[in-house]
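Asker: Sharing a structure, written as structure tokens. Questions coming.
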Amino acid sequence: MAGLLELSTELLLMIASFLSQEDLLNISLTSKDLRTRTELELLREYTNIQLYGRSCKPLLRRLIEKPEVRRHVHRLDLKNWSTLVEINPLFGTHEEPALSTEDYDCFTEAARVAGLISSVLPFDPHSDLVKRSNDLCPEEWNNEKIPGWYDYLYEPDCHFENVHFVSKFCELLQAGIEDPLFMLMLTLLPNVQDLTLRGGPHGGQHLHLLPLIVPDHRFSSLRTLSVAATDGELEWPFYALNHLIHGRNLQNLYCYMSSEWDREDGDWDEGWVQRPPPVPLLPKSLNLTRLMLQYSAFSATGIKTLLHACRSLTWFHYSVGGKRVGPENFNCSELFEALLPLQTSLETLELDMETEWDYDDYYDYLPSLAEFSSLRTLKLGMELERPHSDEELLDLSWPRGPGSVRTKSCNRLCNLLPSSLRELKFQGSEIDYDCLSQIEEMAALKADRFPVLEKITMVLLDVEYEEWASSYREEKPKSFRLCKNAGVDLRIIDFTSSIERTFFEAWFPGGAWQEVRFKDGMYVKSIERSRGRRMMLADPLSEQELGGITVNDDSQWESETDSDSEPDSPSPMGNVSVIVDS
């Protein structure tokens with residue numbers, strides 16, 4: 001210990017940069033001097049992911065008290081915080097908030113100095129927002145919607161849309177809503193490079209403050225943005241991310257269940273509404289290189305606008321979410337048109353237009369990708385495979401719709417794919433023997449047409465895999481031999497062997513997540529497993545505060561302590577962290 005204390009602060013911080021957050025927390029317990037000198041590394045990332053879990057107030061107080069530490073926070077992983085919807089009268093009456101005058105003065109003054117608000121409303125210990133909401137509650141709860149409940153909730157004589165941001169911020173803060181606190185956090189931190197938002201505002205995303213804030217730093221340090229639903233309802237509308245995706249250095253955008261539309265009043269039974277973004281997406285206005293839209297819904301115009309806004313996109317993943325995410329979706333032909341400006345830059349295309357497709361029209365099929373000169377990896381569902389009759393060979397580019405007639409020679413795989421291709425993967429419920437014939441053609445033409453092709457994978461869905469694969473190997477050994485001789489790895493696998501979880505799907509695998517906890521006198525990273533689905537989104541450790549954790553009822557939890565364990569997915573989750581209070 002004495003040796004460590006003799007090191008310079010710069011060298012200590014360099015050593016600390018290689019340590020996990022729980023190790024840094026444990027070091028902070030051994031020496032007040034070490035704790036002070038390594039605090040900047042401890043602050044590099046902040047994780048607060050459990051709904052109704054610990055408060056973000058201690059972190060905000062630290063950032064306000066010590067402005068010099070703000071620039072050292074580089075990563076945020078945040079929960080679905082409470083918004084105006086929290087006091088929806090449909091949910092019954094609400095108690096007066098327990099916000100102190102000191103907290104209100106502290107946070108509003110910090111917001112004013114940071115330019116988030118221009119003035120401060122006087123503090124009122126009795127929230128008018130809560131009172132007006134309670135006045136709308138029926139005498140007997142009947143679970144019936146209250147249309148327009150928020151229209152005049154902020155001010156009795158001013159419609160919601162016309163209320164000034166200052167009033168919204170201050171009144172929500174007085175009402176004990178987390179929304180203004182997290183907006184203040186995002187405003188105070190100019191160097192956040194990796195931001196993860198778990199779950200959108202429940203019911204009525206347009207009631208959120210996020211689309212309204214434009215910090216002075218304009219998210220210019222942001223490199224990676226990950227936003228996702230935590231269940232089938234807590235999703236983010238794409239327009240709410242508008243100011244974030246315009247960050248000049250944003251390169252990676254990962255969205256799960258994000259739609260071009262918003263739910264009208266957050267009601268699944270009502271229609272969808274399309275809200276204009278605060279800042280229009282202009283051609284070549286975004287610096288994105290990687291874009292994932294998983295289980296999403298976009299119109300043909302919407303996806304075209306988004307992709308045309310990308311200057312040099314190299315990696316694109318899209319899968320359809322169906323009507324639970326949005327009222328319509330573009331088809332493959334419309335996607336092809338949207339991708340045309342990226343012909344020379346796109347290196348990876350991963351597409352699933354079939355699995356969750358439940359719209360009335362067809363998802364269509366992709367035209368030729370032969371002109372995509374940089375495309376190296378292509379992973380598809382049935383978007384290249386066409387239906388066939390007994391009179392014609394299986395044609396992986398069989399045309400659909402008027403004006404899409406081609407000759408059979410143009411429809412073969414070898415004429416549809418670019419010479420730059422390194423890996424091809426496609427899946428289907430039934431793949432005809434002619435598929436292998438076309439793959440044989442690709443292998444035979446490898447030297448001239450596909451010089452860098454290395455791997456072809458066929459994934460089978462809804463079939464007796466073992467029987468089918470055995471028959472292929474017995475009846476078509478030529479295909480495997482030709483591919484092997486050509487230096488192409490040909491694989492036929494079943495769906496269960498091909499699952500590649502995205503990090504979104506690994507966030508709560510099996511109802512488990514990682515959390516740093518204080519146990520037996522030290523901090524450990526444990527895998528928390530809830531005993532009920534409800535617990536996946538709610539953290540009973542409501543008493544958790546910085547510098548220690550108290551547990552009221554440990555019987556609700558099953559912990560597997562593993563200080564060296566890694567996340568289930570190599571995703572933007574990273575390590576979890578707790579900021580220690582003074």
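The values are calculated or read from the model by the stated rules, or taken from the named source; none is laboratory data. Just so it is clear, the structure is predicted and the values come from calculations on it, not from any experiment. For neighbour counting, all protein chains shown are included, and Cβ atoms are generated from backbone atoms with ideal geometry for every residue, glycine included.
Asker: Out of all the residues in the range 334-344, is one or more over 22 Å from the mean Cα position of the chain (by Cα) and under 16 Å from Ile245 (Cβ atoms)?
Answerer: No, there is no match, as no residue in the range 334-344 is over 22 Å from the mean Cα position of the chain (by Cα) and under 16 Å from Ile245 (Cβ atoms).
Asker: Determine if the range 61-68 includes at least one residue that is under 26 Å from Leu210 (Cβ atoms) and assigned to a loop (DSSP other than H, G, I, E, B). I'd like the intermediate steps shown before the answer.
Answerer: Initial filter on the range 61-68 (under 26 Å from Leu210 (Cβ atoms)): 61-67.
Adding the requirement that they be assigned to a loop (DSSP other than H, G, I, E, B) leaves 66.
Checked against the condition, which is being under 26 Å from Leu210 (Cβ atoms) and assigned to a loop (DSSP other than H, G, I, E, B), the range 61-68 yields at least one hit.
Asker: Can you tell which of Arg481, Arg449, Arg491, Arg473 is among the basic types (Lys, Arg) and modelled with pLDDT under 80?
Answerer: Details: Arg481 fails: modelled with pLDDT under 80; Arg449 fails: modelled with pLDDT under 80; Arg491 fails: modelled with pLDDT under 80.
Being among the basic types (Lys, Arg) and modelled with pLDDT under 80 holds for just one of Arg481, Arg449, Arg491, Arg473, which is Arg473.
Asker: Let me ask another. Keeping to the range 141-168, report how many residues are outside any loop (DSSP other than H, G, I, E, B) and not aromatic (Phe, Trp, Tyr). Break it down stepwise before answering.
Answerer: Here is the first cut: in the range 141-168, the ones outside any loop (DSSP other than H, G, I, E, B) are 155, 158, 160-162, 165-168.
Filter again for not aromatic (Phe, Trp, Tyr), leaving 155, 158, 161-162, 166-168.
So the answer is 7.
Asker: If you don't mind, another one. Going through the range 169-186 one residue at a time, which ones are among the acidic types (Asp, Glu) and not in a helix (DSSP H, G or I)?
Answerer: Glu178 - this is the single residue of the range 169-186 that is among the acidic types (Asp, Glu) and not in a helix (DSSP H, G or I).
Yes or no, residue by residue, for (1) over 25 Å from Arg449 (Cα atoms); (2) crowded, with 17+ Cβ neighbours inside 10 Å:
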{"site": "Val320", "(1), (2)": "yes, yes"}
{"site": "Arg324", "(1), (2)": "yes, no"}
{"site": "Asn331", "(1), (2)": "yes, yes"}
{"site": "Phe336", "(1), (2)": "no, yes"}
{"site": "Pro341", "(1), (2)": "no, yes"}
{"site": "Tyr362", "(1), (2)": "yes, no"}
{"site": "Ser373", "(1), (2)": "no, no"}
{"site": "Arg376", "(1), (2)": "no, yes"}
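Asker: Of all residues in the range 119-140, count the ones that are in a loop (DSSP other than H, G, I, E, B), among the charged types (D, E, K, R) and closer than 19 Å to Asn88 by Cβ. Reasoning before the result, please.
Answerer: The initial filter retains those residues of the range 119-140 that are in a loop (DSSP other than H, G, I, E, B), namely 119-127, 137-140.
Those left that are additionally among the charged types (D, E, K, R): 124, 139-140.
Going one step further and asking which of them are closer than 19 Å to Asn88 by Cβ, we end up with 139-140.
Result for the range 119-140: 2.
Asker: Scan Ala114, Ala98 and give me the residue that is of a type in the set (Gly, Ala, Ser) and in contact with a helix residue (DSSP H, G or I) (Cβ under 8 Å, 6 or more places away or on another chain).
Answerer: Ala114
Asker: Restrict the check to the range 375-392 and report whether at least one residue is in contact with a helix residue (DSSP H, G or I) (Cβ under 6 Å, 6 or more places away or on another chain), in a loop (DSSP other than H, G, I, E, B) and at pLDDT below 90. Talk me through it step by step, then tell me what you get.
Answerer: Of the residues in the range 375-392, the ones in contact with a helix residue (DSSP H, G or I) (Cβ under 6 Å, 6 or more places away or on another chain) are 383.
Subsequent filtering for residues that are in a loop (DSSP other than H, G, I, E, B) retains 383.
Subsequent filtering for residues that are at pLDDT below 90 retains 383.
The answer is yes, given that some residue of the range 375-392 is in contact with a helix residue (DSSP H, G or I) (Cβ under 6 Å, 6 or more places away or on another chain), in a loop (DSSP other than H, G, I, E, B) and at pLDDT below 90.
Asker: If you don't mind, another one. Scan the range 298-330 for residues that are at pLDDT 95 or above and over 23 Å from Asn287 (Cβ atoms) and report the count.
Answerer: Result for the range 298-330: 4.
Asker: May I pose another question? Which of the residues belonging to the range 305-324 are among the hydrophobic types (A, V, I, L, M, F, W, C) and in contact with a Phe, Trp or Tyr (Cβ under 6 Å, 6 or more places away or on another chain)?
Answerer: Residue satisfying the conditions is Val320 alone.
Asker: Examine the range 43-66 for a residue that is more than 30 Å from Asp520 (Cα to Cα) and in contact (Cβ under 8 Å) with a residue 60 or more places away in the chain, and state whether such a residue exists. Step through it out loud before you land on a result.
Answerer: If we filter the range 43-66 for residues that are more than 30 Å from Asp520 (Cα to Cα), which is where we start, we get 64-66.
Within this subset, residues satisfying the condition of being in contact (Cβ under 8 Å) with a residue 60 or more places away in the chain are 64.
Yes, because at least one residue in the range 43-66 is more than 30 Å from Asp520 (Cα to Cα) and in contact (Cβ under 8 Å) with a residue 60 or more places away in the chain.
Asker: Let me ask you something else. Determine if the range 133-153 includes at least one residue that is free of Cβ contacts under 8 Å to residues at least 40 places away in the same chain and within 30 Å of Ser226 (Cα to Cα).
Answerer: Looking for residues that are free of Cβ contacts under 8 Å to residues at least 40 places away in the same chain and within 30 Å of Ser226 (Cα to Cα), one finds none in the range 133-153, hence no.
Asker: Is it the case that the range 125-142 has a residue that's loosely packed, with under 13 Cβ neighbours inside 10 Å and either within 34 Å of the chain's Cα centre (by Cα) or at pLDDT 95 or above (or both)?
Answerer: no
Asker: Still on this structure, I have one more. Identify, by number, the condition in (1) surrounded by fewer than 24 Cβ atoms within 10 Å (Cβ to Cβ); (2) of a type in the set (Asp, Glu); (3) within 21 Å of Gly302 (Cβ to Cβ) that Asp151 doesn't meet.
Answerer: Result: Asp151 fails condition (3) only.
Asker: Identify, by number, the condition in (1) part of a helix (DSSP H, G or I); (2) out of contact with any Gly (no Cβ under 7 Å at 6 or more places or on another chain); (3) not assigned by TED's automatic domain parsing to the domain that holds Trp149 that Trp81 doesn't meet.
Answerer: (1)
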